[in-house]
1. Check whether at least one residue in region B:198-215 is in a helix (DSSP H, G or I), modelled with pLDDT under 95, out of contact with any Ser or Thr (no Cβ under 6 Å at 6 or more places or on another chain) and not charged (D, E, K, R), and report yes or no.
2. With the requirement that a residue be crowded, with 18+ Cβ neighbours inside 10 Å and either at pLDDT below 90 or more than 23 Å from the chain's Cα centre (by Cα) (or both), what does region B:379-391 give you?
3. If you check B:ILE64 against the conditions, is it surrounded by fewer than 20 Cβ atoms within 10 Å (Cβ to Cβ) and either assigned to a strand (DSSP E or B) or touching a helix residue (DSSP H, G or I) at 6+ places or on another chain (Cβ under 8 Å) (or both)?
4. Would you check if B:GLY233 is closer than 30 Å to B:GLY200 by Cβ and either among the hydroxyl-bearing types (Ser, Thr, Tyr) or without any contact (Cβ under 8 Å) to a residue 60 or more places away in the chain (or both)?
5. Here are some conditions: (1) at pLDDT below 95; (2) in contact with a Ser or Thr (Cβ under 9 Å, 6 or more places away or on another chain); (3) buried (at least 20 other Cβ atoms within 10 Å of the Cβ); (4) not in a helix (DSSP H, G or I). B:GLY185 meets all but one. Which one does it not meet?
6. Considering only strands (runs of 3 or more DSSP E) fully contained in region B:247-320, which possess at least 2 residues that are closer than 21 Å to B:ALA126 by Cβ and in contact with a strand residue (DSSP E or B) (Cβ under 9 Å, 6 or more places away or on another chain)?
7. Is there any pair linking a residue in region A:33-56 that is more than 8 Å from chain B (Cβ to nearest Cβ) to one that is buried (at least 20 other Cβ atoms within 10 Å of the Cβ) and among the small types (Gly, Ala, Ser), with Cβ under 8 Å and at least six apart or on different chains, and which?
Amino acid sequence: MSISTTGKSTTASAIPGEGEYSRPSPPGGERWQTVCPADALVPLGARRIERAGFLPVAVFRAQDDRYFALVDRCPHKGGPLSEGIVFGNRVACPLHNWSIGLADGCAAAPDSGCTHPIGARVVDGMLQLDLAQFVRSADPHA
Amino acid sequence: MDAKVAQAIAPGQALAGAPNAGQGAAGAMAGALTRQRLVMVGNGMAGVRALEELLRLAPDLYDITVFGAEPHPNYNRILLSPVLAGEQTVDQIVLNPRSWYDDNGIRLHLGRKVTAVDRARRIVRADDGTEVGYERLLLATGSHPVMLPVPGADLAGVIAYRDISDTEAMIAAASRYSSAVVIGGGLLGLEAANGLMLRGMQVTVVHLMPHLMERQLDATAGRMLQGSLEKRGLRFCMGAKTESLVGGPAGRVTAVQLADGTRLAADLVVMAVGIRANTDLAQSMGLHCQRGIVVNDTLQSVTDPRIYAVGECVSHRGTTYGLVAPLFEQAKACATQLARFGIGRYCGSQVSTKLKVTGIDLFSAGDFQGGADAEEIVLSDPVAGIYKKLVIRNDRLIGACLYGDTVDAAWYFALLREGRSIADIRDHLMFGQSHIGDTGHEGKTRAQAMADADEVCGCNGVSKGRICSAIKEKGLFTLDDVRRHTKASASCGSCTGLVEQILMFTAGGDYSAAPAKKAMCGCTDLGHDEVRRAIRTPLADGTRLLSVSSVYQALAWRNPTGCASCRPAVNYYLLSTWPREAQDDPQSRFINERAHANIQKDGTFSVVPRMWGGETSASELRRIADVVDKYRIPTVKVTGGQRIDLLGVKKADLPKVWSDLGMPSGHAYAKALRTVKTCVGSEWCRFGTQDSTRMGKELERALWRMYAPHKVKLAVSGCPRNCAESGIKDVGVIGVDSGWEIYVAGNGGIKTEVAQFLVKVATHAQVLEYAGAFLQLYREEAWYLERTVHFVARVGMDAVRKRVLDDAPGRAALWERLQFAVDKEPDPWSEPARAGVDLRQFEAVSL
């Protein structure tokens, strides 16, 4: 099953529905990059994707075979979400158990804060991420 | 507000949802076309709580209309007394402002009283002619105050104490008049009297019975309460019957005439002699009512299952409740029914009472009078103003009455609800829950004495003031609410008692803790024991539940993939119940147990190799040193359990580190046997009486790879000097000249708990069997994340002794089952493939 992205029209402040992503692609549109075979992730599994100069990205596979991707940094204390337990369409951060939505990257109330969602889709059995939505690492040496 | 919103009843809707036809298929069909209509009559705390729960479960299921007779949105009735006393304002006690109704698409009709319901046509009619049709009706009509039928009861200046308008009338009277009489010396009457006195009135309380609050207090506590209220300036007429109320020329009350001839001057008379369920509407509709609207365990009227009722208007199993905690339990169960989950049941509640008069500490719960077959433990210190009575029957706490010192109220109430045997703690029961060793809040145990700035929760840095304001501003009622919103006591939990105290005196005495049966998590209403039992019991067709998903399916979990809290628990219950058969689900394990290392705050891991009994060798130390150099491991630390911890290991290096170390996993990351700490023992020590190192190594070799509900730590000391600190371990063994003493359920963590003596044995083999049997009992019966100390506190040491000491074949069987469970368990570090470790997780994907 694949997911399409509608990143162009939504804004960062909107609360996106399932399968939509709130981070708009910059001018120039989407840049889909194949990452790994989709079945490299088990259902309710996750992996971390690293790209030099950018913050690492966590990809997730929900029970219903939908795929999601988030910047791999919990809005609370920066915990690696890719190591968390995935349930429904949420992931529990392994450090302090914040519950983060896979679709919008936002913490469940009463906690608050969001990490960036990244476009993800499956094409011909391969998982692809939208490189245009990756977030540059603040580290000047990265 | 908009004017009349008279909804036409769509043809065809009458077919939707035959009365309680499982609320399933028929309802779902109608829902697809147009939403079903839910009408709530009454806009009080219980009803609105039911709507809140419903909206959380099924936000779009119903088109909701609410009728409220009062002109206010839902407010916290419990806090009327602080409003009367001038400690809070009406605005501060509003729980759901109008915007809440708007935001949730609820039509709110305030100041409109529903006068009739046509059950045949399913239409609700209000006094202004508004008509609304319904598919589901929720009655939450609350209660009426009882007015004494004495002459003059209808005079001006004679009021009840029930709602905002009564409170406002009392505040207004206090500014114009000087003397007031309150009839009724119960909870409500005393709070009213106290409030009027604080507003400057001269107040006399007239009470029919010989002592105050006779339904909550015994005679001694009642008299102590009266004494301290008299010191504050209240006057009392006890054992006094009101004969009539005397009016003046203006038609306003001027005096209260008592049966003994006394006449008390009164410009204001407040009747607080009790409440009566408001069943006026229900009776006019032909619903079966006794003292309240009679409902079943799903909160449906026994007459018309389309009609639900919650709150003070309800009679459930012959009982009507007036305190908020049971009403909220009703609301929750009702909401799951309305949401068509069909799983919530309300099975009645235990209630407790606390007086909301600032500065007076009073608590009562259960059967505090006892009786011929009950025993009492009483502590009375009249000079200090302290009185405590605990009532016990058959080794169970059945009632408590505390005056002057209520710090342990929450603990007593928990013992009472759980109904667990107190035989083993009886001798210190009166002195409360031991607070020795509580850490993180400077050893403070009395929340009321703390300043607002004082830190209550040392883990999350939450002050008392922040908790108080969150409770008031957000309308929190339960410990879970407070944890969610403030994080106080949400981490290690050692300040739970303090937070409960703050909740009690801030949210009011009607607060009481969670229901006796605690649901495992939000995904189910089943408790841990019920889930364990279901896993243990084969299904009707003879098959067994062997996977997490089959458990969720069989037990109708709300969320098909559970949550981060129930998944690891259910996975553990499966593996511990059906070792080698149940299907381990790595995705249901915390990252530490998936990566077989401990995640650190920066996302790196720590590695602790196993050293049997804390003993190591030159070649192991050399390999460790080489690994530290080769993988540039930043920190090497000796642990409290006599191991070496390598901190800051990159995840990708873990398999190579394991292999280079050539040592087995220390399971320092797992809910499993961690370490067996030992002293040197008789091999070297000049005081040693037993070879504790050898005993420790034997225990560790027998028990390693043993997964458990929580981490498990052992220690073996070779003599009573106890250098291995056996007194604070899950199992502590102490060598004496004639053998070994075994202690269990100690804890050196959050709350220091000294282990309890279990048995003295002679041989190594016996130490293994008794310690193993105790640990297997813990593995089979404890709840997930329950340490041995909490497990034993819950079931009682007697129950442990019965299984491990008194029943020799049972003990042998327990020990055998434990050996079976760990026997074929591979070491995940040396045989990761056989242990099912997902090795792909260690390979980074780089773009």
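The values are calculated or read from the model by the stated rules, or taken from the named source; none is laboratory data. Predicted model, so just to flag it, every value in this text is computed and none were measured. FYI the Cβ positions are ideal-geometry reconstructions off the backbone, even for glycines, and counts take in every protein chain you see.
1. Scanning region B:198-215, I find at least one residue that is in a helix (DSSP H, G or I), modelled with pLDDT under 95, out of contact with any Ser or Thr (no Cβ under 6 Å at 6 or more places or on another chain) and not charged (D, E, K, R), so the answer is yes.
2. Of region B:379-391, the ones crowded, with 18+ Cβ neighbours inside 10 Å are B:387-391.
Within region B:379-391, B:TYR387, B:LYS388, B:LYS389 qualify.
3. no
4. Considered against the rule, which asks whether it is closer than 30 Å to B:GLY200 by Cβ and either among the hydroxyl-bearing types (Ser, Thr, Tyr) or without any contact (Cβ under 8 Å) to a residue 60 or more places away in the chain (or both), B:GLY233 comes out as yes.
5. Evaluating B:GLY185 over (1) at pLDDT below 95; (2) in contact with a Ser or Thr (Cβ under 9 Å, 6 or more places away or on another chain); (3) buried (at least 20 other Cβ atoms within 10 Å of the Cβ); (4) not in a helix (DSSP H, G or I) leaves (2) as the failure.
6. Values: elements: B:253-258, B:263-265, B:268-271, B:275-277, B:293-295, B:307-309, B:314-316.
Of the strands (runs of 3 or more DSSP E) lying wholly inside region B:247-320, those with at least 2 residues that are closer than 21 Å to B:ALA126 by Cβ and in contact with a strand residue (DSSP E or B) (Cβ under 9 Å, 6 or more places away or on another chain) span B:307-309.
7. Qualifying pairs under 8 Å: A:ALA46/A:ALA58; A:ALA46/A:SER82; A:ALA46/A:GLY84; A:PRO56/A:SER82.
Every residue, every condition in (1) surrounded by fewer than 24 Cβ atoms within 10 Å (Cβ to Cβ); (2) in contact with a Cys (Cβ under 9 Å, 6 or more places away or on another chain), yes or no:
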residue	(1), (2)
A:PRO37	yes, no
A:ALA40	yes, no
A:ALA46	no, no
A:SER99	yes, yes
A:ALA120	no, no
A:MET126	yes, yes
